[in-house]
Amino acid sequence: MSGNQPSPQQSDRESIPQQPAITVLGLGPMGRALAGAFLAAGVRTTVWNRTPGREGDLAERGAVVAASAAEAVAASPLTVICLVNYDATDAVLRRDPVEAALKGRTLVNLSADIPERSRDTGRWAREHGVAYLDGAIMTPADTIGSEHGVFLFSGPAALYEEHRAVLDGLGGTHTHLGEEISRAAAYDIALLDVFWTSMAGYWHALALAEAEGVEPLELAPFAAGIAQILPALFGELAADVQHGGDASGAINPLSSAVSTMAHVVHAAEAHGIDSGVMRAAEGLARRTVALGHGAAGPARILDVMRGPRPAAQA
């Protein structure tokens, strides 16, 4: 046998597909759900948490529990970190042993924070030779590993495609939003805005209904009916804003909307209910009407909310 030919044993080893491997840093409820989904998908999973003992049953299910973050990172070509914010991720990642272990490897950050923090982490990753994807999880921990999970990613498309097969182990819907590293965070923060302001409106509605003798569970089905109207309105308003139209004004002019907002505020405050959120919305609408847009639709409210834009964006 020629000296430069592989031995049969070597050929057999090279023909065996390598099991995909991943490291998960952070074992709060979401981190444990992520690690559990990777294990269920057959991915060799190493885990680490700043506070020991948070791995739950992951070790019994086959996860390797690392003694340090650096050890965990060194165990896999791909690391996913999911902590409460980027202050927490910085405290873990931006230390000599971990930075050294990450060099030449890929990091996916599924923690939540503002877009500027994503851009800052992207700069740090480039400076330290770390391939980096930013991401966002748009659904609760109990959806991870199921068809109901929703994941957003941004960063180099080739890097995303390289690791997509492993990331798909999380189940659900995965969307790559573009090369700009902060795109996922921008979507995340805007969608959280929709969620929390909607929830604030619902809290207020429950308090107002209850004050008028309507039980929360009596109101809930009708509130769900209101929610079903919103998707079409979201699309219509987005088109008006993006293309400068005003299709919704003919049906629901702001002068009428202001009147109904005032009814909500007056009824709630008569019961001593804090109406700060609705007063803010009403105030924006009234300012828009005062500028001569009473017959317009809600798209004109954005002109008041965001102020004058540079000519290039107008």
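Each value in this text was obtained by applying a stated rule to the coordinates, not by laboratory testing. Small disclaimer: the values here were computed from a predicted structure and weren't measured. Ideal geometry is used to build each Cβ from the backbone, glycine not excepted, and the neighbour counts take in all protein chains shown.
What does the charge dipole of the stretch 235-310 about its Cα centre add up to, to the nearest 20 debye, if the Cβ of each Lys and Arg holds +1 and the Cβ of each Asp and Glu holds -1?
Computed charge dipole of the stretch 235-310: roughly 220 debye.
Mind ranking 32-40, 292-300, 50-58 by how tightly packed they are, going by the mean number of other C-beta atoms within 10 angstrom, highest first?
Going from most to least packed, we get 32-40, 292-300, 50-58.
Name the long-range amide H neighbours of Gly149: under 5 Å, sequence gap of 5 or more, or other chain; modelled H, no Pro or chain starts.
Those qualifying (amide H under 5 Å, at least 5 residues apart or on another chain) are Gly172, Thr173.
Can you give me the long-range amide H partners of Val47? Hydrogens built in the peptide plane at 1.01 Å from N, cutoff under 5 Å, separation of 5 or more residues or another chain.
Val24, Val64, Val65, Ala66
Can you give the charge dipole size of the stretch 18-180 about its Cα centre, rounded to the nearest 20 debye, using +1 on the beta carbon of Lys and Arg and -1 on the beta carbon of Asp and Glu?
320 debye
Quick one: net charge of Asp188's neighbours, Cβ under 10 Å, K/R +1, D/E -1?
Net charge around Asp188: -2.
For the chain, set up a GNM with springs between Cα atoms under 10 Å and report which of Val130, Val241, Val84 has the largest fluctuation.
Per the Cα network of the chain with a 10 Å cutoff, Val241 tops the list.
In whole Hz, what ³J(HN,Hα) sequence does the stretch 261-277 give by Karplus (6.51, -1.76, 1.60; θ = phi - 60°), x for Gly and Pro?
Per residue, the Karplus-derived 3J(HN,Hα) values read 4, 4, 4, 4, 4, 5, 5, 5, 5, 5, 9, x, 7, 4, 10, x, 5 Hz.
What list of ³J(HN,Hα) couplings, whole Hz, do you get for the stretch 185-202 from phi and the Karplus terms 6.51, -1.76, 1.60, once you set θ to phi - 60° and write x for glycine and proline?
Going residue by residue, I get 5, 5, 4, 4, 5, 5, 6, 5, 4, 4, 5, 6, 5, 5, 5, 4, x, 5 Hz, with x marking Gly and Pro.
Search the structure for amide H atoms under 5 Å from the amide H of Gly178, placed 1.01 Å from N in the peptide plane, and list their residues when 5 or more places away or on another chain.
Gly155
Applying the Karplus parametrisation 6.51 cos²θ - 1.76 cosθ + 1.60 with θ = phi - 60° to the phi angles of the stretch 204-216, what ³J(HN,Hα) value in whole Hz is obtained for each residue in order, glycine and proline being reported as x?
4, 5, 4, 5, 5, 4, 4, 5, 9, x, 9, 5, x
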